[in-house]
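The values are calculated or read from the model by the stated rules, or taken from the named source; none is laboratory data. None of the values given here were measured: they were computed from a predicted structure. Note that we place each Cβ from the backbone using ideal geometry, even for glycine, and neighbour counts take in every protein chain shown. We work out accessible area using only protein heavy atoms, side chains counted, and drop any ligands, DNA or RNA first. Shrake-Rupley method; radii C 1.70, N 1.55, O 1.52, S 1.80 Å.
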Amino acid sequence: KPYRALMVDLVREWIPAHRVYRCIDVCFMQKLNHLHLHLVDDQRFTLPSKAFPLLPTPREHYTEEDIRGFCAYAKARGITLIPELEIPGHARHLTKSYPEVFGNQLPAGADATIVTEEGLTVSAKNIVCAGKQATMDGIRTILQEICELFPDSPYIHLGGEEAAIKAWNYCDCCKAYMKEHGIEDEYDLYSEFIARVTDMVFDRGRTPIVWEGFPRKGSERIPRETIGIAWESHYNFA
């Protein structure tokens, strides 16, 4: 079959470079032809970054040399690496390291932990802003770095699931963006955000992959060529 994959979480528990090579070996021995690398989440940012040097977790991230080694080792064994950047949710490391770029703009004195009108508790720290141009420029820059780090990877995984989108209703930038672009609510903004980011991946000659975490409402905005991986099957029934 054309897609046989193993996913490895490199974030919730730090996995040193030598163990990543062992993961490639497992794929080779089990005749798996793709290795999905979950590289970014709330706990760690394991990629190097010249543009945002505060993002890589100290002593727990891979160097450019490490990643070149992973790519060459995998390619020699017929294995395609799939790097994953988690956005808009699972993004605490981005909003903490560069709040001026990725953080939501809450009213003065507002706490990042929000109790919504529905009684839900959400954190604006776990999700990037969907309304600031600075956020989109920052994501575009990180995606370009990922493409350069993984030159042979035809896919870029964008995450997309489990996003605390209710926080956007309290972000001044998101509210202004929704009003300016005629976006009805945070669910439409969610799909519109995913569409903007998938377009960035297509612009770089790669195919975006997302978890099926976005709602059915507004999903028509997302390009049909985007690959969606259903992990709960709660969202987009035929």
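The figures follow:
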{"read-out": "Answer residue from region 97-118, given it is touching a helix residue (DSSP H, G or I) at 6+ places or on another chain (Cβ under 6 Å) and at pLDDT 90 or above and is farthest from ALA51 (Cα to Cα) among those", "value": "GLN105"}
{"read-out": "Pairs, first farther than 18 Å from GLU118 by Cβ in region 171-190, second among the β-branched types (Val, Ile, Thr) and assigned to a loop (DSSP other than H, G, I, E, B), C-beta under 8 Å, six or more apart", "value": "TYR177/ILE183"}
{"read-out": "Filter result for the condition that a residue is among the small types (Gly, Ala, Ser), within 22 Å of ILE127 (Cα to Cα) and modelled with pLDDT of 95 or more, over ALA76, ALA72, ALA51, ALA17", "value": "ALA51"}
{"read-out": "Residues satisfying the stated conditions in region 117-149, i.e. touching a residue at least 60 places away in the same chain (Cβ under 8 Å) and open to solvent by 20 Å² or more (accessible area, probe 1.4 Å)", "value": "ASN126, ARG140, THR141, GLN144, GLU145, LEU149"}
{"read-out": "Of all residues in region 171-206 being more than 19 Å from HIS90 (Cβ to Cβ) and in contact with a strand residue (DSSP E or B) (Cβ under 9 Å, 6 or more places away or on another chain), the one that is least open to solvent (accessible area, probe 1.4 Å)", "value": "ARG206"}
{"read-out": "Number of positions in region 125-139 that are part of a helix (DSSP H, G or I), in contact with an Asp or Glu (Cβ under 9 Å, 6 or more places away or on another chain) and of a type outside the set (S, T, N, Q)", "value": "2"}
{"read-out": "Tally, over region 33-45, of residues that are over 17 Å from PRO88 (Cα atoms) and open to solvent by less than 20 Å² (accessible area, probe 1.4 Å)", "value": "4"}
{"read-out": "Region 154-170, subset of a type in the set (Gly, Ala, Ser) and either over 30 Å from ILE67 (Cα atoms) or surrounded by fewer than 21 Cβ atoms within 10 Å (Cβ to Cβ) (or both), residue modelled with the highest pLDDT", "value": "ALA167"}
{"read-out": "Lone unmet requirement of (1) under 14 Å from SER97 (Cα atoms); (2) surrounded by 14 or more Cβ atoms within 10 Å (Cβ to Cβ) for LEU54", "value": "(2)"}
{"read-out": "Per-region count, region 27-49, residues touching a residue at least 40 places away in the same chain (Cβ under 8 Å) and more than 18 Å from the chain's Cα centre (by Cα)", "value": "5"}
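Results for (1) of a type in the set (Phe, Trp, Tyr); (2) under 28 Å from GLU212 (Cβ atoms), shown as yes or no for each residue.
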site: PRO48; (1), (2): no, no
site: GLU60; (1), (2): no, no
site: PHE70; (1), (2): yes, yes
site: ALA74; (1), (2): no, yes
site: GLU84; (1), (2): no, yes
site: PHE102; (1), (2): yes, yes
site: LEU106; (1), (2): no, no
site: ALA112; (1), (2): no, yes
